[in-house]
């Protein structure tokens, strides 16, 4: 018997599915499984104030969990290598068609985030100081999809993957 899901879960599922397809991604076609993951995202949204991956242990602090807010920083690398992300919410076309067999996905989150707690990730240092001093605006990079934009502040929402402003880093 199929599990009943709240209207909020169904609404978020439809939104995620629409945004995934628009962005060239696919949600897992096992609707019941996917709805349980969406329910977990909503639970984490209510619990922490952000939709942390329901398959990972969170710190409960957005700054410490920013890398595992769905869609997480590791999604695209997992899709490329394994055909599915860590929790199998997002899957590739080849995975759907059975060309890539389902299997466990290793944790890509750095060990210092998983085992010993949060520590600041090292920031990239640019060697192109000369170029950066001539730019009119800073360049911001979406940590989810790599979208770049030059403006005073990052956009409120990434136009490509719909990630929020806090998922951007200053690139240049």
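Only the coordinates and a few stated rules stand behind these numbers; no lab work does. No experiment lies behind these values; they were computed from the predicted model shown. Glycine also receives a Cβ, built like all others from the backbone with ideal geometry; neighbour counts cover every protein chain displayed.
When you scan the stretch 32-44, do you find a residue that is over 24 Å from residue 6 (Cβ atoms) and either part of a helix (DSSP H, G or I) or free of Cβ contacts under 8 Å to residues at least 40 places away in the same chain (or both), even just one?
So far as the stretch 32-44 goes, no, none of its residues is over 24 Å from residue 6 (Cβ atoms) and either part of a helix (DSSP H, G or I) or free of Cβ contacts under 8 Å to residues at least 40 places away in the same chain (or both).
Quick check on the stretch 7-31: of everything there that is part of a loop (DSSP other than H, G, I, E, B) and in contact (Cβ under 8 Å) with a residue 12 or more places away in the chain, which residue is surrounded by the fewest Cβ atoms within 10 Å (Cβ to Cβ)? Don't jump to the end; show me each part of the working.
Of the residues in the stretch 7-31, the ones part of a loop (DSSP other than H, G, I, E, B) are 23-25, 28-30.
Those still in the list that are in contact (Cβ under 8 Å) with a residue 12 or more places away in the chain too: 23, 25, 28-29.
On the way: 23: 16, 25: 22, 28: 20, 29: 10.
Among residues in the stretch 7-31 that are part of a loop (DSSP other than H, G, I, E, B) and in contact (Cβ under 8 Å) with a residue 12 or more places away in the chain, the one surrounded by the fewest Cβ atoms within 10 Å (Cβ to Cβ) is 29.
For the stretch 63-77, which positions are more than 10 Å from residue 145 (Cβ to Cβ) and part of a helix (DSSP H, G or I)?
Within the stretch 63-77, 63, 64, 65, 66, 67, 68, 77 meet the criteria.
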